[in-house]
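The values are calculated or read from the model by the stated rules, or taken from the named source; none is laboratory data. Remember, it's a predicted structure, so these values are computed and weren't measured experimentally. FYI the Cβ positions are ideal-geometry reconstructions off the backbone, even for glycines, and counts take in every protein chain you see.
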Amino acid sequence: MAFPGEIGWIGKDCPTHPKYRLVSQAMRSNAGWYVGTYCERCRDEDPSPHSRETDYYPEKQELIDALFAGTVRWRDAQFRGMKLLNNTDSLVFDFNIGQEQPSEQYAVLCPIHQRQFLTESQYDAQMNDPNSRWKCPRCGRISRFDDATYEAYLDAVERHKENQPNEGEAGD
């Protein structure tokens with residue numbers, strides 16, 4: 001049984017610090033491993049998580065395997081069948097629930113989360129705010145635009161174009 005407000009926080013902003021997206025992470029309690037959410041800013045003030053989104057698993061690897069297989073026992077029906085999309089350090093998870101998927105060409109380099117890809121909307125919003133600096137989409141910290149990722153994407157597009165037959169060559 002879940003207490004009111006205890007579940008359904010994945011992919012949402014912190015209620016206390018709205019500029020910070022809640023981080024989904026494998027957490028451990030005396031009962032076992034589970035996916036919970038926390039705010040990086042709140043964690044400094046109160047180390048308890050915002051939520052416990054899954055049932056308990058006896059081993060961390062069992063939880064991670066269930067996440068990849070899409071068989072994890074979620075406490076909120078809206079997440080059932082959801083699979084893990086991205087696992088950068090085997091503890092912090094990025095689900096992108098019901099959200100626009102990140103672009104392959106736009107990324108920022110966060111001092112905490114390293115390379116974080118931006119959605120087209122996030123990129124456009126940051127580009128259209130002339131007095132703003134690049135920000136990490138996970139934590140909101142000031143970051144640097146990842147020029148290397150952008151250049152690699154443009155190079156890949158150019159190589160793809162070079163490998164396509166010209167209109168006059170097709171069907172010869």
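Of the residues making up segment 142-160, those that are among the aromatic types (F, W, Y) and in a helix (DSSP H, G or I) are Y150, Y153.
Kindly indicate which of E40, E53, E59, E6 is at pLDDT 75 or above and crowded, with 16+ Cβ neighbours inside 10 Å. Quick ask: steps written out before the conclusion?
Working: E40 fails: at pLDDT 75 or above; E59 fails: crowded, with 16+ Cβ neighbours inside 10 Å; E6 fails: at pLDDT 75 or above.
The match here is E53.
For segment 63-78, the count of residues that are in contact with a Phe, Trp or Tyr (Cβ under 7 Å, 6 or more places away or on another chain), at pLDDT 80 or above and within 24 Å of I142 (Cβ to Cβ) is zero. Show the residue pairs that are 6+ apart or on different chains and have beta-carbon atoms under 8 Å apart, the first residue being within segment 22-36 and within 17 Å of D76 (Cβ to Cβ), the second being part of a loop (DSSP other than H, G, I, E, B) and of a type in the set (D, E). Listed by first residue and then by second, the contacts come to S24/E53; Y34/E53; Y34/D55; V35/E53; G36/E53. How many of the residues making up segment 79-107 are over 28 Å from L63 (Cβ atoms) and modelled with pLDDT under 85? The qualifying residues number 3.
Each row is one residue, and each column tells you yes or no for (1) outside the structural domain of C42 (by TED's automatic domain parsing); (2) at pLDDT below 85; (3) assigned to a loop (DSSP other than H, G, I, E, B).
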residue: S121; (1), (2), (3): yes, yes, no
residue: A125; (1), (2), (3): yes, no, no
residue: R133; (1), (2), (3): yes, no, yes
residue: G140; (1), (2), (3): yes, yes, yes
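Filtering segment 122-137 to residues that are of a type outside the set (A, V, I, L, M) and out of contact with any strand residue (DSSP E or B) (no Cβ under 6 Å at 6 or more places or on another chain) leaves Q122, Y123, D124, Q126, N128, D129, P130, N131, S132, K135.
Taken over segment 103-162, residues that are of a type in the set (K, R), closer than 23 Å to I10 by Cβ and more than 17 Å from the chain's Cα centre (by Cα) amount to 0. Taken over segment 108-119, the criterion of being modelled with pLDDT under 90 and in contact with a Phe, Trp or Tyr (Cβ under 7 Å, 6 or more places away or on another chain) is satisfied by F117, L118. Filtering segment 9-29 to residues that are loosely packed, with under 15 Cβ neighbours inside 10 Å and either in contact with a Gly (Cβ under 7 Å, 6 or more places away or on another chain) or farther than 13 Å from D55 by Cα (or both) leaves K12, D13, P15, T16, P18, K19.
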